[in-house]
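The values are calculated or read from the model by the stated rules, or taken from the named source; none is laboratory data. Here the structure is a predicted model, which is why all the values come from computation and not from measurement. Note that we place each Cβ from the backbone using ideal geometry, even for glycine, and neighbour counts take in every protein chain shown.
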Amino acid sequence: MKATHYIHGARVEAGSRPLSPLTSPVDGTALGTVTAADSAVVDQAVQSARKAFQSWGAVPVKERVQVLYKFKTLVEKNIGELAKQVTAENGKTTAESAAGIARGIEIVEYAASLPQLFAGEILEVSTGVDCYTRRFPLGVVAGITPFNFPAMVPMWMFPMAIACGNSFILKPSEQVPFTPLMLAELLKEAGLPDGVFNIVQGDRETVEAVLDHPGITAAAFVGSTAVAKAVYDRGVAANKRMLTLGGAKNHLVVVPDADPVITAKNVVSSAVGCAGQRCMAASVLIAVGDCDHIIDAIEQEMRSLACGKEVGAIISAKAKERIEGYITRAAERGAKVILDGRGQQRAGHYVAPTLIDGITREDECANDEIFGPVLSILRVKTLEEAIAIENANPYGNAACIYTTSGATARYFEMKAEAGMIGVNIGVPVPRDPFGFGGWNASKFGPGDITGKDAIGFWTKTKKVTAKWTAKSANWMS
């Protein structure tokens, strides 16, 4: 199977750089091939999007969102096939794949409600003088998305972008090119005009062609922090509106009064869900005081999970090797590997749930985004020390606390330096209208990628000041 581009409502085979053949991380079976779009292909997509925008941007918002209602129904109808494809190319369990798509559907629902959110403001600023605002689409915009959520992250972007009246170009990860093509076909079936949604497959060179193209006015990105910063800088240098989300080093703080059963299940779900390949995954558990009873419960919960059943695959052999390297070096430095997920002997790429105790603040496990099902335990004496460790890390996606004390939770919520806070929730992803977005080196650009802020990102506002002088004649004359 070929991962084609998708331009003006049709699959397009173009580009001269074939990339490495794709295999499934689940079992190593062949998936197909992908060819990278060069600047000429990107330009073809931009011209198609620009042509479509001329009419799509003028369609009233109430009419634009009708496509999203139909698209939502089609995604729900085909969620089984979509989840199957996500699992095949990404490695998630089928349940995780379906859950990610369901989260994407929520964004579609929010975008469909745009007529209730799109209204401008008006104020009489002086006698007979009104100031009011109108929102307008930006034009041709783009999204650059990662491997870990082939359906959900694109759905963070394009439903809001096209509901706002823009034409959209998606550059998905070259590791997961097939799921977005299924979404494109469903959008066409839902009645989206050709050219409003396009896909260009490719790698770094394709991304650079997208960022450099003068016909693209804005772009959003999700990926690692180093790449997010580079993408942001390049896009801004090309005079684009940019919002890029980067990586994280999320800390879960547990205090002795936490409920052991609830905490264990939630911590493990955060650390191991999606094989730890998500920017909201638990990475470090900071145990305050005597939490051995809770750590024992976490260990037992981890032991109950099996690769290929509850635990999905790692995206590639290279990624698996990198993750296992962290475990090896932690053991060599004297940390206690309570559960060792290395050396899984089965088809595909798997690392079993791994629990490491006794790390220090200087260890790489305490500082690097491992992006695998590895939970490291850092022990401290006080909550203030735990918060200081969380706040000293350069990222700022998520910080969570497990406690039965409302006062403790409130104190942590106010002091932790992260954009998304969890209280007894290890993956504190906000639901619309609350937007997704971190702080510090986890995000570059203003606002959030979802929720109310997305409206501001994908539109521009026109401010009108109007004065009408009454005529002396009767208005009926």
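Quick look at the values:
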| read-out | value |
| --- | --- |
| Residue match in the stretch 44-60 (condition: surrounded by fewer than 22 Cβ atoms within 10 Å (Cβ to Cβ), not in a helix (DSSP H, G or I) and not small (G, A, S)) | yes |
| Where a residue in the stretch 71-99 is surrounded by fewer than 19 Cβ atoms within 10 Å (Cβ to Cβ) and its partner, wherever it lies, is not acidic (D, E) and not in a helix (DSSP H, G or I), with Cβ under 6 Å and at least six apart | L74/A190 |
| G447 being in a loop (DSSP other than H, G, I, E, B), over 26 Å from R361 (Cβ atoms) and at pLDDT below 95 | yes |
| Filter result (closer than 21 Å to G9 by Cβ and small (G, A, S)) within the stretch 176-218 | A184, A190, G191, G195, G202, G215 |
| Complete set of residues in the stretch 100-125 that are more than 24 Å from R431 (Cα to Cα) and free of Cβ contacts under 8 Å to residues at least 12 places away in the same chain | I122, L123, E124 |
| Residue ID - surrounded by the fewest Cβ atoms within 10 Å (Cβ to Cβ), chosen from residues in the stretch 177-186 that are among the aliphatic types (A, V, I, L, M) and more than 14 Å from G143 (Cβ to Cβ) | M182 |
| Within the stretch 279-307, tally of residues that are within 30 Å of the chain's Cα centre (by Cα), exposed (fewer than 15 other Cβ atoms within 10 Å of the Cβ) and of a type outside the set (S, T, N, Q) | 2 |
| A407 vs. criteria within 22 Å of I359 (Cα to Cα) and among the aliphatic types (A, V, I, L, M) | no |
| All strands (runs of 3 or more DSSP E) inside the stretch 372-442 with 1 or more residues being surrounded by fewer than 16 Cβ atoms within 10 Å (Cβ to Cβ) and either of a type in the set (G, A, S) or in contact with a Ser or Thr (Cβ under 9 Å, 6 or more places away or on another chain) (or both) | 420-423 |
| Residue count, the stretch 344-359 (criterion: in contact with a helix residue (DSSP H, G or I) (Cβ under 7 Å, 6 or more places away or on another chain) and either in a loop (DSSP other than H, G, I, E, B) or farther than 27 Å from V380 by Cβ (or both)) | 4 |
| Test: residue in the stretch 187-199 that is surrounded by fewer than 24 Cβ atoms within 10 Å (Cβ to Cβ), over 30 Å from K62 (Cβ atoms) and more than 21 Å from the chain's Cα centre (by Cα) | no |
| Output for the stretch 247-263, where each listed residue is touching a Gly at 6+ places or on another chain (Cβ under 7 Å) and within 14 Å of C279 (Cβ to Cβ) | A248 |
